[in-house]
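Structure first, commentary second.
The values are calculated or read from the model by the stated rules, or taken from the named source; none is laboratory data. Keep in mind that this is a model prediction, so the values were computed, not measured. Here the Cβ positions follow ideal geometry from the backbone for every residue, glycine too, while neighbour counts run over all protein chains shown.
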Amino acid sequence: MGKVPFAPFLVGTVVMQSNLEIEEVGDILSQVLFGGVKLGGKDERIYDEVPAIYLSPPILGFCAFLQGYKGFGKDEGYVLTISPDFTVRDVKRVTVRLDLYLIHLVKDALKNSDQIKVLDFDPKWHGKI
């Protein structure tokens with residue numbers, strides 16, 4: 001029996017805060033991260049308990065979800081999650097967390113914006129890396 005090939009399952013999370021509505025944050029992220037590809041679908045209620053929008057169509061097989069509430073309070077803010085849009089068959093999946101990379105990428109992309117604050121790494125949101 002041969003070795004089972006493996007494929008990285010790239011996932012990442014970025015936590016941010018803003019007084020902008022979720023659609024406004026999505027529009028800014030669309031421009032600075034996704035080449036103008038829009039985030040939408042709020043009316044689809046993909047999460048029952050929290051407003052959310054998603055990247056449509058996915059880019060290079062990755063989907064992005066933005067969920068949360070506006071504000072700078074302890075329980076307020078937005079979470080951007082990036083993950084594959086599909087599963088590769090017949091390979092062992094190895095999860096690779098990109099949280100730190102994505103945090104720095106988004107911070108750099110938003111360096112000229114004072115409307116969105118990207119939070120530093122926090123195990124509460126990102127788990128162990």
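For this structure, a couple of remarks:
- Check on Tyr47, aromatic (Phe, Trp, Tyr) and in contact with a Gly (Cβ under 9 Å, 6 or more places away or on another chain): no
- Of the candidates Ile59, Ile46, Ile53, the single residue that is β-branched (Val, Ile, Thr) and within 22 Å of Leu100 (Cα to Cα) is Ile59.
- Residues in the range 102-129 that are under 13 Å from Gly12 (Cβ atoms) and either at pLDDT below 95 or in a loop (DSSP other than H, G, I, E, B) (or both): Phe121, Trp125, His126, Gly127, Ile129.
- Filter result for the condition that a residue is within 12 Å of the chain's Cα centre (by Cα) and over 22 Å from Val118 (Cα atoms), over Pro84, Pro57, Pro8: Pro84
- The range 1-51, subset among the hydroxyl-bearing types (Ser, Thr, Tyr) and assigned to a strand (DSSP E or B), residue surrounded by the fewest Cβ atoms within 10 Å (Cβ to Cβ): Thr13
- Of everything listed in (1) at pLDDT below 90; (2) touching a strand residue (DSSP E or B) at 6+ places or on another chain (Cβ under 9 Å), the single unmet condition for Glu23 is (1).
- From the options Phe62, Phe86, Phe9, Phe72, residue that is touching a residue at least 12 places away in the same chain (Cβ under 8 Å) and out of contact with any strand residue (DSSP E or B) (no Cβ under 8 Å at 6 or more places or on another chain): Phe86
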